[in-house]
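**Student:** Below you'll find the structure I mean.
The values are calculated or read from the model by the stated rules, or taken from the named source; none is laboratory data. The structure displayed is predicted, hence computed values, not measured ones. Here Cβ is always computed from backbone atoms with ideal geometry, including for glycine, and neighbour counts include all displayed protein chains.
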Amino acid sequence: MAETVGNLCRKMHGGEGFDTLTLDLFSRAPSPAPCSYSKPAKRPRVDGAVTMGKDEDRQNPFDFLSEEILFLILDRLESEPLSKKSFSLVCRSFYTAESCHRRELTPLRSGLLPAALARYPSVEKVDLSLCPTVTDTVLFSVGNCLRSSLRSIDLSRSKGFSHAGIESVVENCANLVEMNLSNATDLSDAAAAAIGRARNLERLWLARCKLVTDMGIGCIAVGCQKLKLLCLKWCLGISDLGVALVAVKCKQLRNLNLSFTLVTGAGLEVVLQLPYLEDLALVGCLCIDDGSLLSLKHECKSLQVLNLSNSQPINHAGLSSLLNITVGLRQLNMAYCCMVTHSLTSSFRKLAKLQSVKLDGCEVTTAGLKTIANACVSLTELSLRKCSGVTDDGLSSIVMKNKGLTNLDITCCGNITDLSLANITSSCTSLITLQMESCTLVSKEGFRLIGQHCHLLEHLDLTDNELDDEGLKAFSGCHKLSILKIGICLKISDEGLIHIAKNCPKLRELDLYRSAGVKDAGIRAIAHGCPQLQITNLAYCTWITDASLRALSKCSDLNTLEIRGCPQVSSAGVIAIAVGCPKLTKLDIKKCYYVNDAAMLILARFSRNLHQINLSYCSITNVGLLALASVGCLQNMTILHLKGLTPNGLAAALLACGGLTKVKLNSSFKPLIPRPLLEHVEERGCVFQWIDKPFQVPFSSLVQETCT
Amino acid sequence: MDSKRMPIFEASSSGGDQSRNLNQNHQVDVSNSIDICFDARSEQSLIKFSSNLDHNSSDQSYQTPQFKMNLDPRAMLNNLDFLEQKIHQIRDIVRSTLNNKGRISTQSNEFAVQQQLINTDLTSIIIQLISTAGTLLPSMKNVLANGGSSVGQIPSIPDSASDLGLVGTSQQKLDLVSEGTELSEYEELIKGLGEWDDEGIKSMPADDNDVKDSGDGVSGENLPPGSYEVLQLEKEEILAPHTHFCTICGKGFKRDANLRMHMRGHGDEYKSPSALSKPQKEASSEPVLLKRYSCPFVGCKRNREHKNFLPLKTILCVKNHYKRSHCDKSYICRKCNNKKFSVMADLKTHEKHCGSDKWLCSCGTTFSRKDKLFGHIALFQGHTPALPMDEIKGQGTSDQGHSCEVTTKMEETNDLFSDNAIGVTNVSDFGNAEDDYGFFSMNIDSFNFGGIDGFQ
């Protein structure tokens, strides 16, 4: 027994994988020493069990496993929460081990937290982002229960707490390192002052904390001098003074986000003097203009990542001055910024280490692209998404020089042709990500070149293109492909999908949105050939039937399924998915007219992880909706045009579903549901969206005609 | 009219050309030093007067018996006689006008001249009457003296003599509206008075520079040590409430122009345009050596014994410097009961802004501007911006630690927050505005504020 365990441990330490763990724990071989790894202070409850159980037969054999081994087993189960749950149900010692092992807690509702905190004493990270309402009392209990073990707390999606709650957490948990208070729009400087007492804080997010002013951020800057990451996105109360004080006091800052703030060149100048600053985001900082950038003097060698997107006032003179002092830059994002001309890109010459350039949405000239090609030779990432003015000439010059390119985004570059594709595929054979949605001038021959040359591709987006089955067949060499988006490719059919299914076993995400040529045979092949499939979009693939869903139900990792507008799908298909895919979190069955209450009952029974569902136009009544309301995780519901739904049924469902955060409803229901009830649900953290769209006549009759 | 007093004045003004160092006038009696006339602006007149003192020290003692011995019954009798004499004079004048009125009514020009003479006579006699009557009362002088010593009250208590002078001139002006020839001169005089007033006010901000010890010009002037003449006033001279004194009656004035107005009452010879106009500097004729001043406090950087001597530029600088650096700060701010000043103007400047210091540091220091607070915090380790008390209290929590640091100082500064309602209400109004109008607009405001304050 001991040797078995020892071997097991060695195996685990060696990192060898094993699929099934079978231990002969029930053999009657006596073992004087339960385990060589056991500690002297082993679970006292086991000792109690020993004294209690007078005859050795009743002793639980699992007790012989030391805590250390149980922890090692639990480490292996980290990615599978359901298995961990099963593990904890084996026996008491397993239960305790699981309780002590868990480091992270993500409760669905803050009401569950007191019990959870009592069960898991050594939790380091509390993620409350699923709880719409977190009161100060909850935060008090978090602080009191976890004390110094708590290192990270996430309140980014929660409301209802004040600075008093934050203060209790900060005061009780001295080791707090990470705090996310984004979207706390009603937090004032008092809360910021409370945060300022967390001396060990290293990472802090305050996005959209609009009431925090310079005084508040001043308290944080003085108090939290170990800060390495600070996000002040949308903090409109903070001006140059606050930012400058942060830069003066928090010398350890690596990562600073000042996006959409009112910081000006004067503040930026102080920020750029931070000795270790690596990542600076200045998205939409409209107060930083050319003139203020020209006066920048102090060199910021440590800066590696700079995001200047949406900063309209910056022009080539200012940018040149800024790039002059940030010579160590590796990533530069200038999306939606200014026109990319020769004079602008010539300043890239100083950036010898530049690896990534993003020019999304900019107006680009061929001369500008050629200058980039001359200036940069070690690019690995280039994004020209939605750029106007990208020509074959310009793009080719860049890809010919940068043969190491791994990520290329040329979405909506409508002017490029097969010539560019030939140059891309011949020089950049190590491409991993290629996104080229809506490149309408590229012919089907061009797409064939991709598959023939770029075998390392993992992420491919060819939505809305001339791609055909031959092109898909060419991808048979891309064995690593994991994300494939081929929506609105009207020329592809089952034949192409079968090639993909045969050659891309690692496929995790498949998007076939409105690729109307796809039928059951293709989907069946995919479901068979790609068992790791997690996300599938089959919306408006009108030929899809229950057979496809039954096939997909074999992909047990499936978590997102969109079958919107597939009128031939019925309850049977949805039931198969519900039973076969327990990890399902998002389901869109809008306009699947034949899905009825039966599917909902089974879904409610099996898909306990469902977060989001769209039920519009289905044949679901009060019964189905009420059943669905019992799914505790459910947060987001869209319920439009359900014929069988009455106001009372809807009210009952809303009341029963405690975790709702967003519900889309037909505006005709608004006067029919009692106002106090709506207010009560809103108080729990739910947002109602009242939609006033007219009922669209289902064209199922049309579909049926074509079927026959 | 006292014709015999005129030569004295003349003599004093004739002796004024020789510029002499004040420090050589050691023989000046300390009791007399109060009589020394200091002109805030022109050093010329100072020298004039000091030399004047030397020359006519015997005259001086004879001329101002009523001033020095105001409790002496003999002097009082003298004064009463003087008054009687004056009243007779007025009676005569009025009578003569009555007689003349009928006769010269047709010759308007001649009559007007006559009328003007009578008027000036009348006003000067009345002024003399009042001033002499004033000296009769011993308490009156004390009041004036007290008022003088506490410089702060001077602006609020109108100087009776100067007021009268002004009234007199304006009356004359009204009478002389028809008169073309002399009108311009009088107007100039009135304008000149106004200028004096203006300069008196303007000099306040300039004084502030003195406090910082840099704005005195001389440090920036870089005058070579030999190129200017160094004068040093004694402590008593500096602290004297009045700097201009009437040589006849001894009355003190703060301003030269007021003295000139006053002098008209002593006789016709003081009414000539040249006597009434501002004394001109005859700098153009001969090169005048620059004058700079030394502080009498030994060891001070402004004292000429100091090895890095920084001279003071004007007498006003000397006065302000001496009060600020070497005198007790006797003026306490009535708002905060904390800040003390030795110069009244400084107190007024402070009181204007006191209480608007809403930017508070954890060390208890308050700032009127946010950028100043942030500069302070950036400079010192461990200092934190302190939120206004009502913001924390309003949200109903015990904000320990933080507020403790604040309250210690708060107790010291006594009613900085409770008494000073302005500051508190401002802050709370601010908060309300945020609630009402949403945070966006409000934040734009605060940004602008910061922008203006901070980095421009």
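**Student:** Criterion first (surrounded by fewer than 21 Cβ atoms within 10 Å (Cβ to Cβ), farther than 22 Å from A:Cys686 by Cβ, out of contact with any Phe, Trp or Tyr (no Cβ under 8 Å at 6 or more places or on another chain) and away from every other protein chain (no Cβ under 14 Å)) does A:Arg203 satisfy it?
**Tutor:** On the way: surrounded by fewer than 21 Cβ atoms within 10 Å (Cβ to Cβ): yes; farther than 22 Å from A:Cys686 by Cβ: yes; out of contact with any Phe, Trp or Tyr (no Cβ under 8 Å at 6 or more places or on another chain): yes; away from every other protein chain (no Cβ under 14 Å): yes.
Spelling it out, A:Arg203 is indeed surrounded by fewer than 21 Cβ atoms within 10 Å (Cβ to Cβ), farther than 22 Å from A:Cys686 by Cβ, out of contact with any Phe, Trp or Tyr (no Cβ under 8 Å at 6 or more places or on another chain) and away from every other protein chain (no Cβ under 14 Å).
**Student:** What number of residues in the stretch A:562-584 are within 18 Å of A:Ile639 (Cβ to Cβ) and in contact with a Leu (Cβ under 7 Å, 6 or more places away or on another chain)? Write out each step before concluding.
**Tutor:** First pass over the stretch A:562-584, keeping only residues within 18 Å of A:Ile639 (Cβ to Cβ): A:562-565, A:571, A:574.
Cutting the leftovers down to in contact with a Leu (Cβ under 7 Å, 6 or more places away or on another chain) gives us A:562-563, A:574.
Going through the stretch A:562-584 one residue at a time, the tally reaches 3.
**Student:** If you don't mind, another one. Please name all residue pairs, on different chains or six or more residues apart, with Cβ atoms under 9 Å, provided the first residue is in the stretch B:347-363 and is farther than 24 Å from A:Gly216 by Cβ and the second residue is at pLDDT below 75.
**Tutor:** B:Leu347/B:Gly152; B:Lys348/B:Gly152; B:Lys348/B:Pro155; B:Lys348/B:Met204; B:Thr349/B:Met204; B:Thr349/B:Pro205; B:Thr349/B:Asp208; B:Cys354/B:Asn420
**Student:** Restricting attention to the stretch A:422-469, which residues are of a type outside the set (Gly, Ala, Ser), in contact with a helix residue (DSSP H, G or I) (Cβ under 6 Å, 6 or more places away or on another chain) and either under 14 Å from A:Leu490 (Cα atoms) or in contact (Cβ under 8 Å) with a residue 40 or more places away in the chain (or both)?
**Tutor:** Scanning the stretch A:422-469 gives A:Lys444, A:Glu466, A:Leu467, A:Asp468, A:Asp469.
**Student:** Then there is this: Quick check on this structure: which one of A:Leu344, A:Leu323, A:Leu329 is out of contact with any Asp or Glu (no Cβ under 9 Å at 6 or more places or on another chain), buried (at least 19 other Cβ atoms within 10 Å of the Cβ) and closer than 28 Å to A:Leu456 by Cα?
**Tutor:** A:Leu329
**Student:** Let me ask something additional. Can we say A:Ala194 is of a type in the set (Gly, Ala, Ser), more than 8 Å from every other protein chain (Cβ to nearest Cβ) and under 23 Å from B:Lys358 (Cβ atoms)?
**Tutor:** Considered against the rule, which asks whether it is of a type in the set (Gly, Ala, Ser), more than 8 Å from every other protein chain (Cβ to nearest Cβ) and under 23 Å from B:Lys358 (Cβ atoms), A:Ala194 comes out as yes.
**Student:** Separate question: For the stretch A:609-643, what are the residues that are in contact with a Cys (Cβ under 7 Å, 6 or more places away or on another chain) and over 25 Å from A:Gln696 (Cα atoms)?
**Tutor:** So in the stretch A:609-643, the residues in contact with a Cys (Cβ under 7 Å, 6 or more places away or on another chain) come out as A:609-611, A:618, A:629, A:634, A:642.
The answer is A:Asn609, A:Leu610, A:His611, A:Ala629, A:Leu634.
**Student:** Listed residues B:Asn320, B:Asn337, B:Asn303; which is of a type in the set (S, T, N, Q) and on the phi > 0 side of the Ramachandran plot?
**Tutor:** Values: B:Asn320 fails: on the phi > 0 side of the Ramachandran plot; B:Asn303 fails: on the phi > 0 side of the Ramachandran plot.
The conditions single out B:Asn337.
**Student:** When the stretch A:566-601 is examined, which residues are found to be part of a loop (DSSP other than H, G, I, E, B), of a type in the set (Ser, Thr, Tyr) and farther than 15 Å from A:Gln612 by Cβ?
**Tutor:** If the condition is that a residue be part of a loop (DSSP other than H, G, I, E, B), of a type in the set (Ser, Thr, Tyr) and farther than 15 Å from A:Gln612 by Cβ, then A:Tyr593 is the only one that fits.
**Student:** Give me a count of the residues in the stretch A:494-551 that are over 24 Å from A:Pro582 (Cβ atoms) and assigned to a helix (DSSP H, G or I). Break it down into steps so the answer makes sense when it comes.
**Tutor:** Of all residues in the stretch A:494-551, those over 24 Å from A:Pro582 (Cβ atoms) come to A:494-500, A:502-504, A:513-519, A:521-522, A:540-543.
Now restrict to residues that are assigned to a helix (DSSP H, G or I): A:494-500, A:502-503, A:521-522.
Residues meeting the conditions: 11.
**Student:** Follow-up. Please determine whether any residue of the stretch A:176-190 is touching a residue at least 12 places away in the same chain (Cβ under 8 Å), within 14 Å of another protein chain (Cβ to nearest Cβ) and not in a loop (DSSP other than H, G, I, E, B).
**Tutor:** Checked against the condition, which is being touching a residue at least 12 places away in the same chain (Cβ under 8 Å), within 14 Å of another protein chain (Cβ to nearest Cβ) and not in a loop (DSSP other than H, G, I, E, B), the stretch A:176-190 yields at least one hit.
**Student:** Here is a follow-up. Across the stretch A:104-140, what is the number of residues that are within 25 Å of the chain's Cα centre (by Cα), loosely packed, with under 15 Cβ neighbours inside 10 Å and over 30 Å from A:Glu683 (Cβ atoms)?
**Tutor:** Within the stretch A:104-140, residues that are within 25 Å of the chain's Cα centre (by Cα), loosely packed, with under 15 Cβ neighbours inside 10 Å and over 30 Å from A:Glu683 (Cβ atoms) number 0.
**Student:** Shifting gears a bit: Within the stretch B:273-280, can one find any residue that is at pLDDT 80 or above and not polar (S, T, N, Q)?
**Tutor:** yes
**Student:** Can you tell me which residue in the stretch A:147-165 is nearest to the other protein chains (Cβ to nearest Cβ), limited to those that are surrounded by 22 or more Cβ atoms within 10 Å (Cβ to Cβ) and out of contact with any Cys (no Cβ under 7 Å at 6 or more places or on another chain)?
**Tutor:** Start the filter on the stretch A:147-165 by keeping residues that are surrounded by 22 or more Cβ atoms within 10 Å (Cβ to Cβ), which leaves A:150, A:153, A:155, A:158, A:161, A:163, A:165.
Next cut, out of contact with any Cys (no Cβ under 7 Å at 6 or more places or on another chain) only: A:153, A:155, A:161, A:163, A:165.
On the way: A:Ile153: 19, A:Leu155: 18, A:Phe161: 12, A:His163: 7, A:Gly165: 10 Å.
Among those residues, the one meeting the criterion is A:His163.
**Student:** Okay, next question. Are there any pairs, at least 6 apart or on different chains, whose C-beta atoms fall under 7 Å, with the first in the stretch A:352-365 and under 11 Å from A:Val340 (Cβ atoms) and the second β-branched (Val, Ile, Thr) and surrounded by fewer than 23 Cβ atoms within 10 Å (Cβ to Cβ), and if so, which?
**Tutor:** Hits for this filter: A:Thr365/A:Thr341.
**Student:** Further question on the same structure: Any idea which residue in the stretch A:73-99 is farthest from the chain's Cα centre (by Cα), counting only those that are in a loop (DSSP other than H, G, I, E, B) and more than 19 Å from A:Arg608 (Cβ to Cβ)?
**Tutor:** A:Cys91
**Student:** To continue, here is another question. Tell me the residue from B:Thr243, B:Thr247 that is modelled with pLDDT under 80, within 30 Å of B:Ser124 (Cα to Cα) and buried (at least 19 other Cβ atoms within 10 Å of the Cβ), please.
**Tutor:** The conditions single out B:Thr243.
**Student:** Tell me which of these A:Leu382 doesn't satisfy, since it passes every other one: (1) outside any helix (DSSP H, G or I); (2) more than 32 Å from the chain's Cα centre (by Cα).
**Tutor:** The one condition A:Leu382 does not meet is (2).
**Student:** How many residues, within the stretch A:655-680, are of a type outside the set (S, T, N, Q) and under 27 Å from the mean Cα position of the chain (by Cα)?
**Tutor:** Residues meeting the conditions: 8.
**Student:** Can A:Ser168 be described as closer than 25 Å to A:Ser259 by Cα and surrounded by fewer than 24 Cβ atoms within 10 Å (Cβ to Cβ)?
**Tutor:** No; evaluated as a whole, the condition is false for this residue.
**Student:** Go through (1) hydrophobic (A, V, I, L, M, F, W, C); (2) under 16 Å from B:Cys295 (Cβ atoms); (3) out of contact with any Leu (no Cβ under 7 Å at 6 or more places or on another chain) one by one and return the number of the condition B:Val318 breaks.
**Tutor:** Evaluating B:Val318 over (1) hydrophobic (A, V, I, L, M, F, W, C); (2) under 16 Å from B:Cys295 (Cβ atoms); (3) out of contact with any Leu (no Cβ under 7 Å at 6 or more places or on another chain) leaves (3) as the failure.
**Student:** Then there's this: Answer with yes or no whether B:Gly382 is assigned to a loop (DSSP other than H, G, I, E, B), closer than 30 Å to A:Leu245 by Cβ and within 14 Å of another protein chain (Cβ to nearest Cβ).
**Tutor:** Answer is yes for this residue.
**Student:** Output the residues belonging to the stretch A:206-223 that are among the hydrophobic types (A, V, I, L, M, F, W, C), more than 7 Å from chain B (Cβ to nearest Cβ) and buried (at least 24 other Cβ atoms within 10 Å of the Cβ).
**Tutor:** Across the stretch A:206-223, the qualifying residues are A:Leu206, A:Cys209, A:Val212, A:Ile217, A:Ile220, A:Ala221.
**Student:** Cβ-Cβ below 6 Å, separation at least six or inter-chain, first residue in the stretch A:612-630 and in contact (Cβ under 8 Å) with a residue 12 or more places away in the chain, second surrounded by fewer than 21 Cβ atoms within 10 Å (Cβ to Cβ) and in a strand (DSSP E or B): which pairs?
**Tutor:** Partner pairs satisfying both residue conditions: A:Gln612/A:Lys586; A:Gln612/A:Asn636; A:Asn614/A:Thr638; A:Ser616/A:Thr638; A:Ser619/A:Asn596; A:Thr621/A:Gly644.
**Student:** While we're on this one: Would you pick out the residues in the stretch B:302-341 that are more than 30 Å from B:Gly355 (Cα to Cα) and in a loop (DSSP other than H, G, I, E, B)?
**Tutor:** Hits for the stretch B:302-341 are B:Arg302, B:Asn303, B:Arg304, B:Glu305, B:His306, B:Lys307, B:Asn308, B:Phe309, B:Leu310, B:Pro311, B:Lys313, B:Thr314.
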